[in-house]
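Read through the structure below, which is laid out as structure tokens, and then see the notes.
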Amino acid sequence: MKNKILLYVAVFFLILILFSQITQIFTGIEISKLKPVQGKIENFTLVGVNSDRYILKGKSMLELQNRILIDNFNLKYIKNNETIFINSEQATYHKRKNFLDLFKNVKITTGKMKLYTDKLRILVNERRAYNTTKVKLVSDNMETLGENIFINLKQENMKLENVKTIYRGS
């Protein structure tokens with residue numbers, strides 16, 4: 001009886017050791033098959049507060065090396081009690097060069113003024129924005145069409161080429 005118990009204990013430990021070795025082999029095989037994958041965040045909200053305040057919402061955010069791709073870019077930017085909304089279907093933030101490209105149905109709303117375009121590049125550190133495509137500016141009494149917009153956010157001025165303005169009296 002004693003020998004039988006010792007035999008069962010020895011067989012049990014042998015099975016445990018064998019199982020442990022098999023598990024390590026399969027774990028090693030599976031780990032070697034793994035490839036790094038970029039992280040993706042879905043339905044996100046980022047809130048930032050410093051001298052300015054912003055709330056960035058989007059459908060998805062995917063980091064690829066030195067770029068961050070954002071779908072359904074919706075930014076609410078608040079500075080000096082003025083709110084600016086920036087929206088686009090797609091955006092790419094270039095981390096090394098520190099600029100933001102907005103694509104597809106770009107819309108910027110500030111006060112009663114709205115800007116529409118297909119793409120816009122924002123140089124974050126220089127606080128400038130520009131594009132080389134058509135632009136439409138709309139307010140209550142005015143509609144302005146042009147192209148090649150340049151916006152200096154520091155000096156709060158803008159340059160637009162080939163301008164056509166329609167003014168509607170009240």
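Taking the residues in segment 126-167 that are assigned to a loop (DSSP other than H, G, I, E, B) and not charged (D, E, K, R) as candidates, determine which candidate is nearest to residue 114 (Cα to Cα). Write out each step before concluding.
Going residue by residue through segment 126-167, those that are assigned to a loop (DSSP other than H, G, I, E, B) are 126-127, 131-133, 139-141, 153-156.
Cutting the leftovers down to not charged (D, E, K, R) gives us 131-133, 139, 141, 153, 155.
Details: 131: 16, 132: 18, 133: 16, 139: 6, 141: 12, 153: 16, 155: 19 Å.
Result: 139.
Condition test on residue 168, is it of a type outside the set (A, V, I, L, M, F, W, C) and closer than 20 Å to residue 75 by Cα? Spell out the reasoning first.
Values: of a type outside the set (A, V, I, L, M, F, W, C): yes; closer than 20 Å to residue 75 by Cα: no.
The answer is no for residue 168.
Looking at segment 134-160, I want the residues that are without any contact (Cβ under 8 Å) to a residue 40 or more places away in the chain and have a partner that is among the charged types (D, E, K, R) and not in a strand (DSSP E or B) with Cβ atoms under 6 Å, at least 6 apart or on another chain. Which pairs are those?
Filtered contacts from segment 134-160: 139/112; 140/112; 141/168; 153/127; 154/127.
With the structure loaded, tell me whether residue 112 is modelled with pLDDT under 85, under 15 Å from residue 84 (Cα atoms), of a type outside the set (S, T, N, Q) and open to solvent by 60 Å² or more (accessible area, probe 1.4 Å) or whether it fails that test. Lay out the reasoning, then the answer.
On the way: modelled with pLDDT under 85: yes; under 15 Å from residue 84 (Cα atoms): yes; of a type outside the set (S, T, N, Q): yes; open to solvent by 60 Å² or more (accessible area, probe 1.4 Å): yes.
Taking the combined requirement at face value, the residue satisfies it.
The values are calculated or read from the model by the stated rules, or taken from the named source; none is laboratory data. Keep in mind it's a predicted model, so treat the numbers as computed, not measured. Cβ coordinates were reconstructed from backbone atoms using ideal geometry, including for glycine residues, and neighbour counts include every protein chain displayed. Accessible surface is based on the protein model in full, side chains and every heavy atom, while ligands, DNA and RNA are left aside. Shrake-Rupley method; radii C 1.70, N 1.55, O 1.52, S 1.80 Å.
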